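Engineer: Dropping the structure in here first, questions after.
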Amino acid sequence: MNAAFSRTWEHAVVTGGAGFVGSHLCTALLDAGAAVTCVDDLSTGRPENMSGLRGRPGFAFVRASVCEPITVDRPPDLVLHFASPASPADYLRLPVHTMETGSLGTRNALALAHASGARFLLASTSEVYGDPQQHPQNERYWGNVNPVGPRSVYDEAKRFGEALTTAQADAHGTDTGIVRVFNTYGPRMRGYDGRAVPTFVRQALAGEPLTVTGDGRQTRSLCYVDDTVRGILAAAAHGLRGPVNIGNPTEITMLELARLVIELTGSTSEIRFVERPTDDPAVRCPDITLARDKLEWEPGVTAEEGLRRTIAWFRDQGDLIGS
Ligand code: NAD
């Protein structure tokens, strides 16, 4: 963790703590000495993600939807609001749930933070920039989102969450922050969640063709989960209101990513081009000047290293890659 912006928390509530990013956050907070309550309805998260957490002193799990008022057994001093379907496959399958989690869920998480006098951090997303007309994207860019497109259930829920968080801080003085997380990958992603890294790794390990959408020239900027978690906790500790981009500015095309996964797995898989989804962004790259200046944060794990660690984890899962 960044020495300048580490802070000791007594009790953190992590909504979505049984998910991919949330479970890594729970681990990092416990490692830093905080008690952690994970609130999750397991709609896209997995109990296995908490296998290293259950039984650790200070860890508690509450199975509940954040769309209902959130009850925990003692007041937190930090609320990390990460509950939300995040992969396109999940939010397209759960469109209304996604919007309710982004709206009612954010309202309930804010209410818990306000009533407890806790710091609140909203997990927003690079998806608020939509299919961006500005490249790379800094926090002053307002985005290019289709409000009735298929991705809108996620993008607009997150945009609403940002607006609600801002209104809550302005109207009621709650200590809030907003992190706009860019594409993050690593261990504990589900092999079938539809996102590029787990899909390519699963396909490469199984010797199946890697399905690259469109012509594969669309770019993403992939951040290894340990770097993302460090950035999120730096934003929590700093007290920055944000929004602040947390992501890796090294851009890679989806075709390059597929080739890299084939190389690193030593797979004999081929590449197959398939149809590109509607409103799929052409480019995505964070400007992280603000995070560098204010949080003294930047990612440190290269794509090769992060993919090696992710591939090793997927190999260990064997048949348990998950649906
Ligand atoms: P994930 O699907 O693995 O985790 C989300 C968790 O939230 C799951 O455990 C799920 O069960 C839980 N959840 C969903 N709806 C809920 C509800 N109504 N009540 C309680 N729990 C609920 O996704 P992730 O990739 O870990 O993403 C976590 C957060 O980070 C999300 O808010 C997402 O928008 C944000 N984010 C992630 C990325 C990324 O690349 N992983 C990028 C940008 C933003």
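Engineer: Return the pair list, or none, for Cβ contacts closer than 6 Å from residues in segment 199-210 that are acidic (Asp, Glu) to residues that are part of a helix (DSSP H, G or I), at least 6 apart or on different chains.
Structural biologist: none
Engineer: Does at least one position in segment 123-130 carry a residue that is part of a loop (DSSP other than H, G, I, E, B), open to solvent by less than 10 Å² (accessible area, probe 1.4 Å), touching a Phe, Trp or Tyr at 6+ places or on another chain (Cβ under 6 Å) and within 13 Å of the ligand (Cβ to nearest atom)?
Structural biologist: no
Engineer: Let me ask something else. Within the bounds of segment 293-303, is there any residue that is within 15 Å of Pro198 (Cα to Cα) and of a type in the set (A, V, I, L, M, F, W, C)?
Structural biologist: yes
Engineer: Quick one: in segment 41-61, which of the residues that are within 20 Å of the chain's Cα centre (by Cα) and more than 21 Å from Ser87 (Cα to Cα) is least open to solvent (accessible area, probe 1.4 Å)?
Structural biologist: For segment 41-61, the residue satisfying everything is Leu53.
Engineer: Further question on the same structure: Any residue at all in segment 246-261 that is touching a helix residue (DSSP H, G or I) at 6+ places or on another chain (Cβ under 9 Å), part of a loop (DSSP other than H, G, I, E, B), closer than 21 Å to Asp293 by Cβ and open to solvent by 20 Å² or more (accessible area, probe 1.4 Å)?
Structural biologist: Yes, segment 246-261 contains at least one residue that is touching a helix residue (DSSP H, G or I) at 6+ places or on another chain (Cβ under 9 Å), part of a loop (DSSP other than H, G, I, E, B), closer than 21 Å to Asp293 by Cβ and open to solvent by 20 Å² or more (accessible area, probe 1.4 Å).
Engineer: Let me ask something else about it. Which is modelled with pLDDT of 95 or more, over 18 Å from the mean Cα position of the chain (by Cα) and either open to solvent by 50 Å² or more (accessible area, probe 1.4 Å) or under 29 Å from Glu10 (Cβ atoms) (or both), of Glu275, Glu298, Glu270?
Structural biologist: It is Glu270.
Engineer: Now a separate question. Checking the condition farther than 30 Å from Thr71 by Cα and within 15 Å of the ligand (Cβ to nearest atom), which residue from Gly161, Gly186 passes?
Structural biologist: Exactly one residue qualifies, and that residue is Gly186.
Engineer: Need at least 2 residues that are of a type in the set (Phe, Trp, Tyr) per element, so show me which strands (runs of 3 or more DSSP E) inside segment 34-83 make the cut, counting only ones lying wholly within it.
Structural biologist: Fully inside segment 34-83 and qualifying: 59-63.
The values are calculated or read from the model by the stated rules, or taken from the named source; none is laboratory data. None of the values given here were measured: they were computed from a predicted structure. Backbone-built Cβ (ideal geometry, glycine too); neighbour counts: all protein chains shown. To get the accessible areas, we keep the full protein, side chains included, count just its heavy atoms, and leave off ligands, DNA and RNA. Shrake-Rupley method; radii C 1.70, N 1.55, O 1.52, S 1.80 Å.
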